[in-house]
Protein chains: 2
Amino acid sequence: MIFSRHLQSLIDALRALPGVGPRSAQRMAFHILERDREGGQDLVRALTAALDNVSQCGQCRMLSDEPLCGVCRSDRRDAGLICVVESPADVMAIEQATDYSGRYFVLMGHLSPLDGIGPEELGLELLEQRLASGEVRELILATNPTVEGEATASYLMDLARSCQVRASRIAHGVPIGGELEYVDGGTLSHAFQGRLEIK
Amino acid sequence: MIFSRHLQSLIDALRALPGVGPRSAQRMAFHILERDREGGQDLVRALTAALDNVSQCGQCRMLSDEPLCGVCRSDRRDAGLICVVESPADVMAIEQATDYSGRYFVLMGHLSPLDGIGPEELGLELLEQRLASGEVRELILATNPTVEGEATASYLMDLARSCQVRASRIAHGVPIGGELEYVDGGTLSHAFQGRLEIK
Ligand SMILES: [Zn+2]
Ligand SMILES: [Zn+2]
């Protein structure tokens, strides 16, 4: 590197971010060093603070600054409902789009035996404790409609049943506002199998 | 923010990067905190080192770890040629794609009187000193083929002339491998005006 070793290291470090290729890493590095050093300092501070302070909620495994996240601490959230999702991004999406007022359980993945990800890696003993407590009325399965997500949902349904807790699966089908013609075959097939009688 | 204030601050700081919207900032923050804390620490280190050590070359204004960049220090680069570009990314592109072996001058922008960017903001007194030294044979104008880039090139051509240095402009036209039909009108018009006789 005939110009700057530190510039090259910065470009390499930015490339580790998801969705950032060589060109955009270069553009980001130049932007920070030429025009937005203050923004670069902000990013250092925010990243350091997040790495030092954000860990997982001890009850639901959501990312949290505290030992228990805000949802688990709140007595305005229905402890009788637990919605299981694969990732923190799913929690954010549900919080933003729905008025769901129960609690969560974040798997941080899905069952994937070939990758060595079993019930233990997903923290399912934590979930089982909550189901066994007698406090939970319904387990809402909101894992992704993929092969792994469905397999995980099926495993969780059995877990709920063994604890005598009702399980439900969020509906899948043609997206609202979507056009049939552009929906993928799997979704369309799912929408037909899951059709509801009109009364 | 019912989950994590530090997570939200990290998302906000990532959004300041060019080309990063709310969804990708969220994806990056989750990626770092869930799966790549080591990569996050690397980014903190690289960013801190770059902010502390990278500044501009005192001669050509390229980003550099040293008072003079590698190109300006090298006696294997022809000091009789200076290529003027708008940004460090242009220098990188030229270094990667061509065998240009002269030196550079990086404007870090272009003339833009309405934004208060005149010759002083572009460091042109530095360039004028080099042109006046008698060492420079040719000033190669590689500013962008935009209105501002052309105006800047025109100003620099006058500057070179006043120092009795020959100026040249890199060629613009239909990109090699490009199809006429997909080239924008301005480029096509430029390619016609700049046509060369076949001998
Ligand atoms: Zn929680
Ligand atoms: Zn230099």
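Worth a mention:
- Values of log10 I(q)/I(0), in the order q = 0.21, 0.25, 0.30 Å⁻¹, for the stretch B:5-53 under a Debye, Cα-only, solvent-free model: -0.77, -1.00, -1.14
- Here the calculated FRET efficiency for B:Gln96 and B:Leu68, from their Cβ-Cβ distance with R0 = 22 Å, stands at 0.55, rounded to the nearest 0.05.
- When chain B is turned onto chain A, the axis of that turn runs closest to one Cβ of chain B, and that residue with its distance in whole Å is B:Val44, 3.
- Counted charge near A:Val106, where neighbours are those whose Cβ lies closer than 9 Å (Asp, Glu -1; Lys, Arg +1): -1
- Cα-Cα pairs of the stretch A:77-169 separated by more than 16 Å (percent): 51
- For the protein assembly as shown, the ratio of Cα radius of gyration to the globular rule of thumb 2.2 N^0.38 Å stands at 1.36.
- Label-zone membership for the stretch A:34-60, site B:Asp115, 7 angstrom Cα→C-beta point, backbone N under 16 Å: A:34-37
- Residue-averaged beta-carbon neighbours from other chains (10 angstrom radius) around B:25-32: 5
- Each pair of Cα atoms in chain A enters the Kirkwood radius, and Stokes-Einstein at 10 °C and 1.306 mPa s then converts it into a translational diffusion coefficient of 79 µm²/s.
- In this label model, B:Ser154 and A:Arg35 are separated by 2.4 nm, measuring between points 7 Å along each Cα→Cβ vector.
Since every read-out is calculated from the coordinates, none of them should be taken as a lab result. Nothing here was measured: the structure is a model prediction, and the numbers come from that model. Virtual Cβ from ideal backbone geometry, glycine too; neighbours counted across all protein chains shown.
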